[in-house]
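The structure appears right after this line, and notes come after that.
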């Protein structure tokens, strides 16, 4: 099974990127590939593949790795804050997802000051899927619905190891975080 | 290929249901299957399969057909307005999706007075996928991203006929509608 990873200086790593956008017009602002506004009738948005709304102010998609120069420039020129979370890459069946890093990413995701916000990784399947799945656990979704959502994006690349990670992920340390813009009980 | 259809009085029909919810706490309010609130630590939400946020105030999922009695009671007791749009069922390759009915459904979906709102059909794949796909066209998504989203929900049941319908769907008569709560250019 293909694992999205890069080798830099002998260290294999993967990143979860979390981009924060301001002001709040996510599709317009997050699409560096949008066709220039020459003729409004013929302009189209080109949302990235695996693009979806996760919750109020929270979106997900895939993004090429390493982070494209065009995106870096777009982010800079539009005042978008980029959070990068390195995750060590391990191939199945030895996938070792660092729970603390996922927790750090979730703290960024849950902070409404960072919204609107786009979660992405190379395929928008595994690392993004785990972050979103752990968010759903915090929102008290039952596991079968968490996995249904994960599998919709991962499709044929769905990993039992990711799903086991989400099942075992302990949300208790995050329960104190406010989720004012997210769906909550 | 299995087509979701019912025969009543000799007429084959299918329905698109569009449920409008008030007040705005969609997951809580839209889940008649949520476990009663006996013990808040052990309660979970059970979002329906193929459940997803489409846009601000707009959600999608599957729903059994005919419309379950439990749902009908839940809708009634929670002041939820139910819109039903009958669509004649035809098996591929003779699928005939009534463009006018999709347009009527879209007018309900786009009216922010009806938000939060849940779009659903039996599988949350074909009819719901077409309504959402036509909404994306109105939002000026490129077709490849419209189809990417459609296929994520339809998976192995994706239909070329649905995608052809979305491609040919003429949004010009809907462009005058306000989309104040939706992502728009």
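The values are calculated or read from the model by the stated rules, or taken from the named source; none is laboratory data. Predicted, not measured: the structure shown is a model, and the values here were computed from it. As a convention, Cβ positions derive from the backbone with ideal geometry for all residues, glycine included, and neighbour counts pool all protein chains shown.
Sort out which residues of segment A:43-77 are facing chain B (nearest Cβ under 7 Å) and more than 21 Å from residue A:135 (Cβ to Cβ), and write them in order of number. Within segment A:43-77, A:43, A:44, A:45, A:46 qualify. Here residue A:128 passes the criteria (1) assigned to a loop (DSSP other than H, G, I, E, B); (2) in contact with a strand residue (DSSP E or B) (Cβ under 6 Å, 6 or more places away or on another chain); (3) at negative phi except the one numbered (1). Put simply, of A:148, A:162 the only residue that is more than 14 Å from chain B (Cβ to nearest Cβ), closer than 24 Å to residue B:148 by Cβ and not in a loop (DSSP other than H, G, I, E, B) is A:162.
Residues that are farther than 28 Å from residue B:154 by Cβ and surrounded by 18 or more Cβ atoms within 10 Å (Cβ to Cβ) occur at least once in segment A:122-138. Residues in segment A:135-145 that are assigned to a helix (DSSP H, G or I), facing another protein chain (nearest Cβ under 10 Å) and under 19 Å from residue B:54 (Cα atoms): A:136, A:145.
Considering each residue of segment A:119-134 in turn, none proves to be facing another protein chain (nearest Cβ under 10 Å) and under 16 Å from residue B:44 (Cβ atoms). Filtered by the rule that a residue be closer than 14 Å to residue A:125 by Cβ and over 17 Å from the mean Cα position of the chain (by Cα), segment A:141-159 gives a lone residue, A:156. Just checking, does segment A:82-94 include any residue being crowded, with 19+ Cβ neighbours inside 10 Å and closer than 26 Å to residue B:56 by Cα? Within segment A:82-94, not a single residue is crowded, with 19+ Cβ neighbours inside 10 Å and closer than 26 Å to residue B:56 by Cα. Of the strands (runs of 3 or more DSSP E) lying entirely inside segment B:1-113, those containing at least 3 residues that are under 27 Å from residue A:136 (Cα atoms) and at pLDDT 75 or above are B:11-20, B:52-55, B:58-62. Only one entry in A:111, A:100, A:148, A:162 is under 21 Å from residue B:50 (Cβ atoms) and surrounded by fewer than 20 Cβ atoms within 10 Å (Cβ to Cβ), namely A:148.
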